[in-house]
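Undergrad: The structure is given below, and queries will be raised subsequently.
The values are calculated or read from the model by the stated rules, or taken from the named source; none is laboratory data. This one's a predicted model, so the numbers in the text were calculated from it and none came from an experiment. Cβ atoms come from the backbone with ideal geometry, glycine included; neighbour counts cover every protein chain shown. Please note that ligands, DNA and RNA were not included when accessible areas were found on the heavy atoms of the full protein model with its side chains. Shrake-Rupley method; radii C 1.70, N 1.55, O 1.52, S 1.80 Å.
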Amino acid sequence: QSLPSLGFLSMFGNMLSGTIPESVGFYQGHLLYIGENMIEGKIPSSLGNAPNLEYLGLWDMNLNSTIPPSLFEGGRLLAAGFGKNSLTGTLPPIANSVRDSLRALGFERNMLTGSIPSSYGNLVALEGLLVHSNSLEGKIPTELGNNVALRVLDLANNRLNGSIPEKFSQLVNLGECYW
C-alpha cells in the first residue's frame, strides 16, 4: 500500500475523475502532481502524513473543501499549488517546521476568505506567493516585507484595503508584484 520505490508521481493534464483517496497519506515519494484533471471533492488531511512530500500540485480541478492545516505541519514541503479550484475557508496556518524551507505557495483562483496571515511573513525561504482572485480582505500584512527571498507576489483581485506597507521597499528580489 505504500509504494516504497515510487519517488515521483505526476498525472496532471488528463481527464482523471473521482476523488483523492485517504490512502494518499501513505505515499512515500517526493513529488505528487495530479492537477489539471476532473478530480473533485476534498483534499484529504491524511496527505499531511506523506513523510517525504516536497512538491504538491493540486491545481485546476474541482476540489471544494478547505485546505487541511496538516499539509503544512510536516518538515519537508517546499512548494504547494492549489490554484483554480473551488476551495473555501481561510488560508492555512504554516507550522514553524516548514518555515525555513517552504519556497512557493499557490492559492490563486479559489473562493478563500479571511485575511492573509501575518505569520506568512515568517516564511524566510518563500520566493512566490500567489493568492490572487479569491475573496481575501483586510490589510496587507506588514510582515510580508520580512520575506527577502520573495520574487513573485500576486495579491490582485481580492478585497484587500489600506496602503502598501513601507517595509515592501526591502524586498530587493521582488521581480513581479500584482496588487
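Undergrad: Which one of ALA156, LEU91, SER119 is farthest out on the positive end of the charge dipole of the chain, using unit charges on Cβ (Lys, Arg +1; Asp, Glu -1) and the Cα centre as origin?
TA: Final value for the positive-end residue is SER119.
Undergrad: Same structure, new question: Based on the Cα atoms of region 1-89, what semi-axes does the equivalent ellipsoid have, where each is the square root of 5 times one gyration tensor eigenvalue, given in whole Å with the largest first?
TA: Result for region 1-89: semi-axes of 19, 15, 12 Å.
Undergrad: While we're here: To the nearest 20 debye, what charge dipole does region 58-179 have about its Cα centre, counting +1 at the Cβ of each Lys and Arg and -1 at the Cβ of each Asp and Glu?
TA: Value, rounded to 20: 60 debye.
Undergrad: While we're here: Using a 1.4 angstrom probe, figure out how much accessible area the chain has per residue, in square angstrom, rounded to the nearest whole.
TA: Result: 48 Å² per residue.
Undergrad: Mind ordering 53-62, 147-156, 22-31 by average Cβ neighbours within 10 Å, highest first?
TA: So the peptides 53-62, 147-156, 22-31, ranked by packing, come out 53-62, 147-156, 22-31.
Undergrad: Looking at the chain from every direction and averaging, what is the projected area of its Cα convex hull in nm²?
TA: Convex hull of Cα atoms, orientation-averaged projection: 9.3 nm².
Undergrad: Let me ask you something else. What is the percent carbon and sulfur in the accessible area of region 1-147, measuring with a 1.4 Å probe over the protein chains and ignoring ligands? Before the final figure, lay out the partial values.
TA: On the way: 3370 of 6500 Å².
C and S atoms contribute 52 percent here.
Undergrad: Taking the Cα centre of the chain as the origin and placing charges on Cβ (Lys, Arg +1; Asp, Glu -1), which of LEU174, THR142, PRO44 is farthest toward the positive end of the dipole?
TA: Going by the Cα projections, it comes out as THR142.
Undergrad: Give me the percent relative contact order of region 22-151, please, defined on Cα pairs under 8 angstrom at least 6 residues apart.
TA: Relative contact order comes out at 18 percent.
Undergrad: I would also like to ask the following. If the reach is capped at under 23 angstrom between alpha carbons, list the lysines near LYS84, excluding any in the same chain fewer than eight residues apart.
TA: Within reach: LYS42.
Undergrad: On full extension of the chain, what length is gained from THR19 through LYS139, given 0.36 nm per residue of separation minus the C-alpha to C-alpha distance?
TA: 39.6 nm
Undergrad: Additional query: What does the extension gain come out to for MET11 and SER163, with contour length at 0.36 nm per residue minus their alpha carbon separation?
TA: 50.6 nm is the gain from fully extending MET11 to SER163.
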